[in-house]
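The values are calculated or read from the model by the stated rules, or taken from the named source; none is laboratory data. Note that the structure is predicted; figures quoted are calculated from it, not measured. Cβ atoms come from the backbone with ideal geometry, glycine included; neighbour counts cover every protein chain shown. Accessible surface areas use protein heavy atoms only, side chains included; no ligands, DNA or RNA. Shrake-Rupley method; radii C 1.70, N 1.55, O 1.52, S 1.80 Å.
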Amino acid sequence: MDGILLEPTLYTVKGIAILDNDGNRILAKYYDKNVFPTAKEQRTFEKNLFNKTHRANAEIIMLDGLTCVYRSNVDLFFYVMGSSHENELILMSVLNCLYDSVSQILRKNVEKRAVLESLDIVMLAMDEICDGGIILDADSTAVVARVALRTDDLPLGEQTVAQVFQSAKEQLKWSLLK
């Protein structure tokens, strides 16, 4: 940094990506349009990032002026990108929150097929963690609690008897209060 004092900012995350074991995008969000303005540049960066990290045992890499922290699982790679001046520990806390949230949502079954089946909830969790590059939450249990499926949204055949009775009781109560 050579003595340059940077203005503090809340915009710490430049992008979040989940790639499969071939380097193809499962889910990605880029928050700084100045860094990667087009989808083609984003995909080129993702391929380059995957090629540099898929055989490495490290957790962090500097690539194209960005600090990238990453974590791999069975057939998925989770990435969080920030500027070159960003605190790696903050980026790592976002990465851990993302991974732990996805793990809890998928009941410890973090693999490509499961992520694709629950892509809507994973996207919602990603939005709850970071919005527009600003970190909103780094506590995975709080994120999972906010994106959890409500039992009202489950089909009747997938609910337990107690849940059906509770739902019927609440509907009866609301119909009587009207």
Would you mind working out the magnitude of the charge dipole of the chain relative to its Cα centre, with +1 at each Lys and Arg C-beta and -1 at each Asp and Glu C-beta, to the nearest 20 Debye? 460
Just to be sure I understand the model, the point goes 7 Å from the Cα along the line to the Cβ. What's the resulting Glu41 to Met123 distance in nm? 2.4
Give the peptides 7-19, 110-122 in descending order of average Cβ contacts within 10 Å, highest first. 7-19, 110-122
Run lengths n ≥ 4 of DSSP H only: what is the helix-derived mean residue ellipticity at 222 nm for the chain, with -39500 (n - 2.57) per run over all residues, to the nearest 500? -13000 deg cm²/dmol
If you build the convex hull over the alpha carbons only and average its shadow over all orientations, what do you get for the chain? Give it in nm² to one decimal. 13.8
Give the residue from Ala17, Ser83, Asn57 lying farthest towards the positive end of the charge dipole for the chain; charges sit on Cβ (+1 for Lys and Arg, -1 for Asp and Glu) and the dipole is referred to the Cα centre. Ala17
Please find the FRET efficiency linking Ala142 to Leu10, where r is the Cβ-Cβ separation and R0 is fixed at 22 Å, and quote it to the nearest 0.05. 0.75
The percentage of the accessible area of the chain (probe 1.4 Å, all protein chains present) made up of carbon and sulfur atoms, to the nearest whole number, is 54
Beyond a 31 Å Cα-Cα separation, which of these cross-linked pairs lie in this structure: Lys108/Lys173; Lys40/Lys112; Lys40/Lys108; Lys33/Lys108; Lys108/Lys169; Lys47/Lys108? Lys108/Lys173; Lys40/Lys108; Lys33/Lys108; Lys108/Lys169
Give, in nm to one decimal, the length gained when the segment between Glu170 and Ser84 is fully stretched (0.36 nm per residue of separation minus the Cα-Cα distance). 25.7 nm
Whole-percent pair-distance distribution, where bins are 5 Å wide, for the alpha carbons of segment 38-123: 3, 14, 23, 22, 22, 13, 3, 0
